[in-house]
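What follows is a set of notes on a single structure, which appears directly below.
The values are calculated or read from the model by the stated rules, or taken from the named source; none is laboratory data. Because the structure is predicted, anything quoted here is derived from the model rather than measured. Cβ: placed from backbone, ideal geometry, glycine included. Neighbour counts: every protein chain shown. These area figures cover heavy atoms from the full protein model, side chains too; ligands, DNA and RNA do not enter into them. Shrake-Rupley method; radii C 1.70, N 1.55, O 1.52, S 1.80 Å.
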Amino acid sequence: MLKIAFHPIYKHPLPEGHRFPMEKYELLPQQLLHEGTCVDANFFQPEKPNDKHIVAVHTPDYYYDLINLTLNQRAARKIGFPLSEVLVAREVIIADGTMKASKYALKHGISMNIAGGTHHAYSNRGEAFCMLNDQAIGARYLQNNGLAEKILIVDLDVHQGNGTAEIFKHDASVFTFSMHGKSNYPFKKEISDLDIALENDADDATYLKLLKDTLPKLIQEQQPDFIYYLCGVDVIASDKLGKLGLSVEGCKARDRFVLEQFKSNQIPVMCSMGGGYSPDIKIIVEAHANTFRLAQDLFF
């Protein structure tokens, strides 16, 4: 059965007019249940994990400043959300969702988190709506518990996974692959193990050809025993914070190809949703929902 991490805390209230579409975290599971893609039993509710799993990735000084709300003003401002105890609890629970989903992926071949993909969180700081790097925490959790050795992170969000690149820059056991918009945030990129930067307005055909030329070869070269997939839908042309030109169907074709690669190679995969900022919330929910529909169709 497809297991999906979800907690009501994922939808966090923000000031009116804030550009982050928090409502998608409530609408997406509702849509999946309404259309019959999922049933209640697909969802599990994460909790607050042991701090040791967080500080295996993030520096204790940063983590405890975060949970105690003692970050300096500049560091807090870079995160982009008004900091609060509930907001930080949300981030910690998202990380637990990714850790627990990773174990479900080992059992069922694939698992999902309705939220996550917080790839701009560095080991010692947060930025751009990301405070704790959920997939980095998940990767280290699997390794520290002897559940995986070589891990591949496939980050197809429109923005480079700069925090993930920094966390694993000296770690050959985790290979970081980021395919993103060349002129998008972050404007100063980190160096992933493999970066592919796309020009503005890259269309479905351009994007999919590059991906198909890269991913199968990468899997064969790296031979990972676990994969994290960051499947942001901010690659779509209508996205406010992206500069690529994919259609919703092109984004779905991306996910189909990627998930087929993982399944045919029999490598378990855990998916975090990542970004999506189209002005029409229905487009965001539909694009994200496609990933869950494909996971059900291909794996179950």
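At a glance:
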| read-out | value |
| --- | --- |
| Reduced Cα scattering model of region 144-233, Debye log10 I(q)/I(0), q = 0.18, 0.19, 0.20, 0.21 Å⁻¹ | -0.79, -0.88, -0.96, -1.05 |
| Binned Cα-Cα distances of the chain, short to long, each 20 Å bin given as a whole percent | 38, 60, 2 |
| Filtered GluC sites (Glu not before Pro), region 113-196: DSSP coil and at most 16 other beta carbons within 10 Å | GLU149 |
| Sites PHE300 and ASN124 - FRET efficiency at Förster radius 35 Å, r taken between beta-carbons, to 0.05 | 0.30 |
| Per residue, the convex hull volume that the Cα atoms of region 106-256 enclose (Å³) | 113 Å³ |
| Long-range amide H partners of PHE43 with built H, under 5 Å | ILE4 |
| Cross-link reach list, lysines versus LYS243, counting only Cα pairs under 19 Å and skipping chain neighbours closer than eight places | LYS182, LYS188, LYS189, LYS209, LYS252 |
| Accessible-area ranking of ARG74, ARG125, ARG293, largest first, probe 1.4 Å | ARG74, ARG125, ARG293 |
| Pair-distance profile P(r), taking every C-alpha pair of region 1-130, with 5 angstrom steps and integer % | 2, 10, 19, 23, 19, 14, 9, 4, 1, 0 |
| Amide H within-cut-off set for LEU198, under 5 Å, with H built and near neighbours excluded | HIS180, GLY181, LYS182 |
| Derived scalar couplings ³J(HN,Hα) [region 271-282; Karplus, 6.51 cos²θ - 1.76 cosθ + 1.60; whole Hz; x for Gly, Pro] | 10, 10, 6, x, x, x, 9, 4, x, 8, 4, 5 |
| In Hz, Karplus ³J(HN,Hα) per residue of region 133-149 (6.51, -1.76, 1.60; θ = phi - 60°; x = Gly, Pro) | 7, 5, 6, 5, 5, x, 4, 5, 4, 4, 5, 5, 9, x, 9, 7, 10 |
| Equivalent ellipsoid, region 26-79 (semi-axes from 5 times Cα gyration tensor eigenvalues, Å) | 35, 16, 8 |
| Globularity ratio of region 96-188, using Cα Rg and 2.2 N^0.38 Å | 1.06 |
| Nearby aspartates and glutamates by direct alpha-carbon distance to LYS263 (threshold 16 angstrom, same-chain neighbours under 8 apart not counted) | ASP225, ASP255, ASP297 |
| Selected from ALA89, ALA287, ALA41 as most flexible by GNM, with the chain as the system and alpha-carbon contacts under 10 Å | ALA41 |
| Qualifying trypsin sites (Lys or Arg not before Pro) in region 143-193, DSSP loop, other Cβ atoms within 10 Å at most 11 | LYS188 |
| Within region 13-85, GluC sites (Glu not before Pro) in DSSP loop having at most 13 other beta-carbon neighbours inside 10 Å | GLU16, GLU23, GLU47 |
| 16 Å tail of the calculated P(r), region 230-294, as % of Cα pairs | 41 percent |
| J(HN,Hα) series, region 245-262, from Karplus relation 6.51 cos²θ - 1.76 cosθ + 1.60, nearest Hz, glycine and proline x | x, 6, 8, 4, 5, x, 5, 5, 5, 4, 5, 4, 4, 4, 5, 4, 5, 5 |
| Extension gain from GLN45 to ASP171, taking 0.36 nm per residue of separation minus the Cα-Cα distance | 42.2 nm |
| Under the Debye formula (equal points on every Cα, no solvent term), log10 I(q)/I(0) of region 188-278 at q = 0.24 Å⁻¹ | -1.42 |
